[in-house]
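Notes follow once the structure below has been shown.
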Amino acid sequence: MFKILTMNSISPVYKKILSADEYIVSPDVENPDAILVRSADMHSYELPASVKCIARAGAGVNNIPSEAFAEKGVVVFNTPGANANAVKELAIAALLLASRDIAGGIAWCQSLKGEADVPKLVEKGKKAFVGPEIMGKTLGVIGLGEIGALVANSADALGMKVLGHDPYISVKHAWMLSRSVGHAKTQDELLAASDYVTVHVPLLDSTRGMINDEFLAKMKPGAALLNLSRGELADNDAVKRALESGHLRTYVTDFPSEDLLGVKGVVVTPHLGASTPESEDNCVVMACQQIDAYLKSGTIRNSVNYPACELSMPDDRRIAVLHANVPNMIGQITSAIGRHNVNIDNMSNISKGKFAYTVLHPDNEVPVKAIAALAEVEGIFGARLL
């Protein structure tokens, strides 16, 4: 029986994957085998030694010290794409919010409560909220991952001209794109040609603050900017300067901050990107599937700190080893278990940056002391027998 600790309220859809006859799922379990988390901050969390993996029901893992946990032999998963449709739909709404002043118009209509002749006032005042249609306009999509590709295709279906830029686009996402989506060779080319720009990139050291004075100056005068990815991608002061000068028409973001509130031209939504019941269920299902596959077979899917490794359900023994990606590690692993007369029939070894995953398939019995011997090897962070 596996034990799963939940650190946030989790949709009961988990029961479809983590069956009660195999799993105990609770916020109160002790010595859990895995942790299911959404937004809880784990940077100061004292991780139980029993934990083998952590699944984040969402794409971002800023709340999890992934590298530190990798060094403790804990695989960290996320759920890329599970909330993609929800974010795509918000992006389409953001395009409309960035065109006509729908948000301002709604607020103004509410202010007319108690007035004598509301229809007449509406006809007189509505011109303050007019704006262009999106059909025929050019949308530039920076980042063509799961979300960016869906946004590009949807905008194309709405009659927009779409340009995309992503130097790291995967084959999978390239195949997802409509043939009508154009390719901008550089980000600068995209910015200069687009009436609307939407950014769908992860928050990394290289992307933090990428929406700065230089970025904004390269945009087409009077264009609108959408940021539904991460607030930290933007230098808010630079955004406000561009709005004040008129170079930027509108900035729509899903990440409110005090310095953006009340600024003319800024439309903020309360981090609604993945806030749909369908998205939350999709994230939980994917996270639970990853936990289930890893605990039972050693399969690693969508890990942010260890390499992907697809394995069948075991019909015999296998030894799974998480370790540093350094020279002579394989030799040390085979030597450690060889001293206990364990013979390896075949094996696989995959690396990702500083960390690696080795799965050994022995053809004889594996004593407990052989696994214990692996734990004593410097650079091995975790080892278990499946």
Among residues of region 372-384 being assigned to a helix (DSSP H, G or I) and either acidic (Asp, Glu) or open to solvent by 30 Å² or more (accessible area, probe 1.4 Å) (or both), the residue farthest from Ser66 (Cα to Cα) is Ala372
Selected residue [under 17 Å from the mean Cα position of the chain (by Cα) and open to solvent by 10 Å² or more (accessible area, probe 1.4 Å)] from Glu214, Glu244, Glu232: Glu232
Can you list the strands (runs of 3 or more DSSP E) found entirely within region 273-371 that contain at least 1 residues being within 30 Å of Val13 (Cα to Cα)? 319-324
Is there any pair linking a residue in region 367-381 that is at positive phi to one that is aliphatic (A, V, I, L, M) and open to solvent by 40 Å² or more (accessible area, probe 1.4 Å), with Cβ under 7 Å and at least six apart or on different chains, and which? Gly379/Val326
Answer yes if at least one residue in region 348-364 is more than 22 Å from Ala308 (Cα to Cα), surrounded by fewer than 16 Cβ atoms within 10 Å (Cβ to Cβ), of a type outside the set (Ser, Thr, Tyr) and over 38 Å from the mean Cα position of the chain (by Cα), and no otherwise. yes
Need pairs with beta-carbon distance below 7 Å; first residue more than 25 Å from Ile92 (Cβ to Cβ) and within region 244-261, second open to solvent by 10 Å² or more (accessible area, probe 1.4 Å); sequence gap 6+ or separate chains. Asp259/Asn236
Reported set for region 42-89 where residues are open to solvent by less than 20 Å² (accessible area, probe 1.4 Å), free of Cβ contacts under 8 Å to residues at least 60 places away in the same chain and in contact with a Leu (Cβ under 9 Å, 6 or more places away or on another chain) is Val51, Ile54
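I'd like to know if region 180-198 contains one or more residues that are touching a Ser or Thr at 6+ places or on another chain (Cβ under 7 Å), of a type in the set (D, E, K, R) and open to solvent by less than 80 Å² (accessible area, probe 1.4 Å).
yes
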Quick check on region 165-192: of everything there that is over 23 Å from Leu90 (Cα atoms) and of a type in the set (A, V, I, L, M), which residue is modelled with the lowest pLDDT? Val171
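The values are calculated or read from the model by the stated rules, or taken from the named source; none is laboratory data. Everything numeric in this text was worked out from a predicted model, so none of it was measured. Note that we place each Cβ from the backbone using ideal geometry, even for glycine, and neighbour counts take in every protein chain shown. Heads up: the accessible areas ignore ligands, DNA and RNA and are worked out on the full protein's heavy atoms, side chains in. Shrake-Rupley method; radii C 1.70, N 1.55, O 1.52, S 1.80 Å.
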